[in-house]
Amino acid sequence: MAQLAKTAVAALSKKLVAPAAVARRTLATEASPEDYGYYPDPLEHATGREKKMLLARLAGDDRYEPKVYYRAEASTKQKPNLVPSHYDFRIIGCMCEQDSGHVNFMTIRKGDPKRCECGHWFKGVDADPESI
């Protein structure tokens, strides 16, 4: 039985094609517009709020992307870090230490200062209505 298995394996290995003989498919690194056609400019199709966002981004005002606000060195309940919000509440994240990989998320409400676990205070304030 063992001899039969060895003979079968030897016969199959002779019939296999060597990997070097198989043609290798190259991966495309760049799509050519001549091959696939040209995509239209998204600004031509956009309307309403989407068009306003695209025009603001082209003008250099990227207000629709998440912003990073740096907190004050020492904030108190009387002088908290002010966070603009268009709504009554906002979810913010505080990186309590510079080298920490953990973000402490919390919900703040307008008018009410809230303390983070690291001791910094945050307060929601009205945002500029033109920043929508």
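Odds and ends about this structure:
- Yes/no for PRO66 being modelled with pLDDT under 70 and closer than 28 Å to ASP128 by Cα: yes
- For first residues located in region 83-94 and surrounded by 12 or more Cβ atoms within 10 Å (Cβ to Cβ) and among the charged types (D, E, K, R), partners that are assigned to a strand (DSSP E or B) and modelled with pLDDT of 90 or more and lie 6+ apart or on another chain with Cβ distances below 8 Å form the pairs ARG90/THR107; ARG90/ILE108; ARG90/GLY124.
- Only one entry of ARG71, ARG90 meets the criterion of being of a type in the set (Lys, Arg) and at pLDDT below 85, and that entry is ARG71.
- Test result for SER100, surrounded by 10 or more Cβ atoms within 10 Å (Cβ to Cβ), hydroxyl-bearing (Ser, Thr, Tyr), modelled with pLDDT under 85 and more than 17 Å from ASP126 (Cβ to Cβ): yes
- Scanning region 79-106 for residues that are among the aromatic types (Phe, Trp, Tyr) and out of contact with any strand residue (DSSP E or B) (no Cβ under 6 Å at 6 or more places or on another chain) yields a single hit, TYR87.
The values are calculated or read from the model by the stated rules, or taken from the named source; none is laboratory data. Just so it is clear, the structure is predicted and the values come from calculations on it, not from any experiment. In this analysis, Cβ positions are derived from the backbone assuming ideal geometry, glycine residues included, and neighbour counts consider all displayed protein chains.
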